[in-house]
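The values are calculated or read from the model by the stated rules, or taken from the named source; none is laboratory data. None of these values were measured; they are calculated from a predicted model. Backbone-built Cβ (ideal geometry, glycine too); neighbour counts: all protein chains shown. Each accessible area value is taken on the protein alone, full model and side chains, heavy atoms only, with ligands, DNA and RNA left out. Shrake-Rupley method; radii C 1.70, N 1.55, O 1.52, S 1.80 Å.
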Amino acid sequence: MVEASVIVPHYNQPALLAFCLESLERQTIARARYEIIVADNRTPGGVEAIRARFPRVIFTTAEERGAAPARNAGLAVARGALIAFTDADCIAAPDWLETGIDALGAADLCGGRILVTAADEARLSPVEAFERVFAFRQRDYVEKKRFAATANLFARRTAADAIGPFTNGLSEDLDWCRRAVALGFRLAFNDRSIVSHPARRDWSELVRKWDRIILERWNGFSRASVRGRALWLLLAAATALSAAPHLLRVAFSPELVRLRDRAAAAGVLARIRVWRAARMTALLTARSA
């Protein structure tokens, strides 16, 4: 009987997906205890080459584009009493699944640790240095913001069924976990269950990430009234001004050891906060015209 179902959403990252699946096939628990499900968003050219390399992996198709519909498609075919979510560009530690399953003994949902890796640790790009400090702060997400990133999230199937499907167009992991908490399910952080996720390397990748997040926040924001629009503008201004206090995190983060990397991360921090504020303001202006 399958105990756990690992769900991996995927779109057009075949090389990274192969590394991910290799790590999932090398878990410390018996392979018969878990299934691996790749939910593909109709990758151009298909995924037959990957399917042939990993015959034990279950492949399903999500017709609607997006990570949320892909995860929903994975859930639709999952047979496990426990669900484990990760991303196609993640590498799971050998005991990731074992420690994640253990953590669900004391919680309904658990967010595991996410290590941000660089292409060359000796030569971090400015954006990689920034991401090492600020990306995937899973403990903070769980303990302060009451959600966990789906790059490393475990859930009981009974909880997943009660929460319902992921919502496309929103920050789906935040929305899904907060619905879980509102229903009374216990969310915890598990430091022992680890995946590695590559840092974004350059400015264009970072901007694409934040453009998506801002649009997701916009979709979930109540802005129909004058008060709502004013609050959005206030949030934009706060975003621009928030770089200053976050400089302390850069200065003292254990994720960076070289002064040049701290300086580079600080520069990206200031730049991306101003860019985010400008993008938020432009979005409100364009949609209100």
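Just so you know, in the stretch 88-130 the residues that are of a type outside the set (A, V, I, L, M, F, W, C) and closer than 24 Å to Ala68 by Cβ include one that is farthest from the chain's Cα centre (by Cα), and it is Asp108.
Taking the stretch 89-140 as the range and being touching a residue at least 40 places away in the same chain (Cβ under 8 Å), open to solvent by less than 60 Å² (accessible area, probe 1.4 Å) and more than 27 Å from Arg26 (Cβ to Cβ) as the test, the residues that pass are Asp108, Leu124, Ser125, Val127, Ala129, Phe130, Val133, Phe134. For the subset of the stretch 180-211 comprising residues that are assigned to a helix (DSSP H, G or I) and small (Gly, Ala, Ser), which member is most open to solvent (accessible area, probe 1.4 Å)? Looking at the filtered set, the residue picked out is Ala182.
The set of residues from the stretch 41-56 being in contact with a Pro (Cβ under 9 Å, 6 or more places away or on another chain) and closer than 18 Å to Gly74 by Cα comprises Asn41, Thr43, Val47, Ile50.
When you check Arg276 against the structure, is it at pLDDT 95 or above, among the charged types (D, E, K, R) and either open to solvent by 50 Å² or more (accessible area, probe 1.4 Å) or over 18 Å from the mean Cα position of the chain (by Cα) (or both), yes or no? So Arg276 passes the test.
Every test in (1) crowded, with 18+ Cβ neighbours inside 10 Å; (2) not in a loop (DSSP other than H, G, I, E, B) is passed by Glu143 save one, and that test is (1). Suppose we keep only residues that are charged (D, E, K, R) and open to solvent by 60 Å² or more (accessible area, probe 1.4 Å) within the stretch 212-227. Which one would you say is modelled with the lowest pLDDT? The extreme case among them is Arg223. Within the stretch 30-84, the residues that satisfy the criterion of being open to solvent by less than 20 Å² (accessible area, probe 1.4 Å) and hydroxyl-bearing (Ser, Thr, Tyr) are Tyr34, Thr43.
Any residue that is small (Gly, Ala, Ser) and outside any loop (DSSP other than H, G, I, E, B) - is there at least one of those in the stretch 163-179? Within the stretch 163-179, not a single residue is small (Gly, Ala, Ser) and outside any loop (DSSP other than H, G, I, E, B).
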